[in-house]
Amino acid sequence: MTNIAIFASGSGTNAEAIMDHFSDSSCGRVALLLSNRADAYALKRAERFGVPAAVFSRDEFRDPQGRVAALLREHHIDFIVLAGFLWLVPPYLTTAYAGRIVNIHPALLPKFGGKGMYGEHVHEAVIAAGEKESGITIHLVNEKYDSGDTLFQATVPVDADDTADTLAAKIHVLEHRHFPQVIERTIQNLR
């Protein structure tokens, strides 16, 4: 059984979809949720699923001997999922978990990726560029924002009357539908 840690910074709807998916999976289980924000609603979602959760600081995240590394060891974490987590993952983690950290991006990479491209900023940029479609990219995580190998993409049309909010709603449907399945498939392919 693969032990999964989810890193989340915000509301945690993707984290919830993942916890729900793996609550009865023989492939893996969510063993830990970590957040860099004490007010992240993802922490409450983890509590509802009985998943241990903790909050950490930037220093604790960056330190290879720090609290985050200790929590990952303590919970025997095999696989990491970034679900609305906005910090760049430090090299000690991208090395230790090479090929075993995935992220979801709310656009079709390589367009509209990189530092500062998250949430409504991405959707506003897609609309401003006059794109006819957007979607999600699920990718492996390396030492640079949004540049790891793509595992999966799905698309939605960008309609002429779309706003950042309406486009975000379409993207969320794709995220919740595909992210848990792609995580499971990625874990199975590691075996």
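The values are calculated or read from the model by the stated rules, or taken from the named source; none is laboratory data. Not measured: the values here are computed from a predicted model. A quick note on method: Cβ atoms are made from the backbone with ideal geometry, for glycine too, and the neighbour counts reach across all protein chains shown.
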* To do: Would you be able to say whether some residue in the stretch 4-20 is in contact with an Asp or Glu (Cβ under 7 Å, 6 or more places away or on another chain) and closer than 14 Å to Pro180 by Cα?
  => yes
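Could you list, in sequence order, all residues of the stretch 146-181 that are touching a residue at least 60 places away in the same chain (Cβ under 8 Å) and either crowded, with 19+ Cβ neighbours inside 10 Å or farther than 17 Å from Phe79 by Cα (or both)?
Pass one, the stretch 146-181, residues touching a residue at least 60 places away in the same chain (Cβ under 8 Å): 168, 171-172, 175-176, 179-181.
Ala168, Ile171, His172, Glu175, His176, Phe179, Pro180 - these are the residues of the stretch 146-181 that are touching a residue at least 60 places away in the same chain (Cβ under 8 Å) and either crowded, with 19+ Cβ neighbours inside 10 Å or farther than 17 Å from Phe79 by Cα (or both).
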* How many of the residues in the stretch 133-162 are assigned to a loop (DSSP other than H, G, I, E, B) and not polar (S, T, N, Q)? -> 12
* Asked: Within the set of pairs 6 or more residues apart or between chains, which connect a residue that is touching a residue at least 24 places away in the same chain (Cβ under 8 Å) inside the stretch 5-21 to a residue that is outside any helix (DSSP H, G or I) and of a type in the set (Asp, Glu) with Cβ atoms less than 9 Å apart?
  -> Ala5/Asp78
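Which of the strands (runs of 3 or more DSSP E) contained wholly in the stretch 27-132 include at least 2 residues that are touching a residue at least 40 places away in the same chain (Cβ under 8 Å)? First the steps, then the outcome.
Working: elements: 28-35, 53-55, 79-82, 101-105.
Result: 28-35, 79-82, 101-105.
Based on what the data block shows, is Ala128 farther than 30 Å from Gln65 by Cα and in contact with a Ser or Thr (Cβ under 8 Å, 6 or more places away or on another chain)? Before you say what the answer is, go through the steps one by one.
Values: farther than 30 Å from Gln65 by Cα: yes; in contact with a Ser or Thr (Cβ under 8 Å, 6 or more places away or on another chain): no.
Against the criterion (farther than 30 Å from Gln65 by Cα and in contact with a Ser or Thr (Cβ under 8 Å, 6 or more places away or on another chain)), Ala128 does not qualify.
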* Asked: Scanning for something crowded, with 16+ Cβ neighbours inside 10 Å, assigned to a loop (DSSP other than H, G, I, E, B) and under 13 Å from the mean Cα position of the chain (by Cα), does the stretch 10-23 turn up at least one residue?
  -> yes
* Go through the stretch 94-113 and count every residue that is surrounded by 21 or more Cβ atoms within 10 Å (Cβ to Cβ), within 21 Å of Leu190 (Cβ to Cβ) and of a type in the set (A, V, I, L, M, F, W, C). => 3
* Kindly indicate whether Phe22 is farther than 27 Å from Phe152 by Cα and aromatic (Phe, Trp, Tyr). => no
* Structure fact -> Those residues of the stretch 114-145 which are modelled with pLDDT under 95, under 24 Å from Phe79 (Cβ atoms) and crowded, with 17+ Cβ neighbours inside 10 Å amount to Tyr118, Tyr145
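Hey, among Ser57, Ser9, which residue is more than 18 Å from Gln188 (Cβ to Cβ), of a type in the set (Ser, Thr, Tyr) and touching a Leu at 6+ places or on another chain (Cβ under 7 Å)? Step through it out loud before you land on a result.
Details: Ser57 fails: touching a Leu at 6+ places or on another chain (Cβ under 7 Å).
The unique qualifying residue is Ser9.
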* How about the stretch 70-82: which of its residues are of a type in the set (A, V, I, L, M, F, W, C) and closer than 18 Å to Ala8 by Cβ? -> Leu71, Leu72, Ile77, Phe79, Ile80, Val81, Leu82
